[in-house]
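Data block below; observations after.
The values are calculated or read from the model by the stated rules, or taken from the named source; none is laboratory data. Every value quoted in this text rests on a predicted model; they were computed, and no experiment measured them. Please note: Cβ atoms are built from the backbone with ideal geometry, for glycine as well, and neighbour counts cover all protein chains shown.
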Amino acid sequence: MSLSRRNQLKSLLLLIGQVWLEKEAKEAEEEKMKHMEENCPPLSIPGCMQELQELCRKLHKQIDLVDDERYDMELKVNKTNKEIDDLKVKIQDLNGKFKKPALKKVRMSADALLAALLGSKHKVSMDLRANLKQVKKEVKEEEKQTGDWRKNIEDKAGMGGRKKMFETEA
Ligand SMILES: *[C@@H]1O[C@H](CO)[C@@H](O)[C@H](O)[C@H]1NC(C)=O
């Protein structure tokens, strides 16, 4: 991907992110207004002392209640934040442990690959696919004969086993 194309995509993603953030902020504001309308009716201040005291007591109670709720929510938020931090640490650890190996693309013909795997002295020049099919078929037939693939698996496993098969073929 060219540098200009990459920068173009990056700007596009940033723009989309910005639009989303703005939309989110607008929705949060609308929700807040809705909540206030539903839960906070306009205050009418009574004229007489007794009613005023009553109102103060009521408001005091409500403040206590809301503060309890706020405390519970803060606890939840703190707990979740701690979980997020722990997960971030885990991600860092994992990134450190599993460094993606720098793999190189190998362009090789089937023959060159076989020669590299088996050594050039074998001079194998068969079609790789046909060869692999052939090997699979042989394994199946041997399975039938022995009835237990486990008996053969060690011989077949790894490059040594493959090599043996190719050598007997070639
Ligand atoms: C939540 O965390 C903040 C900052 O770490 C702290 O000041 C606050 O007391 C905590 N709240 C609760 C309810 O534990």
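Brief remarks follow.
- Residues that are among the hydrophobic types (A, V, I, L, M, F, W, C) and within 16 Å of the ligand (Cβ to nearest atom) within region 76-101 comprise V77, I84, listed in sequence order.
- Per-region count, region 52-70, residues within 16 Å of the ligand (Cβ to nearest atom) and among the aliphatic types (A, V, I, L, M): 1
- Within region 42-97, the set of residues being assigned to a helix (DSSP H, G or I) and β-branched (V, I, T) comprises I63, V66, V77, T80, I84, V89, I91.
- Sole residue being within 15 Å of the ligand (Cβ to nearest atom) and free of Cβ contacts under 8 Å to residues at least 12 places away in the same chain, chosen from M73, M49: M73
- Qualifying residue in region 6-20 (condition: basic (K, R), surrounded by 10 or more Cβ atoms within 10 Å (Cβ to Cβ), at pLDDT 95 or above and assigned to a helix (DSSP H, G or I)): no
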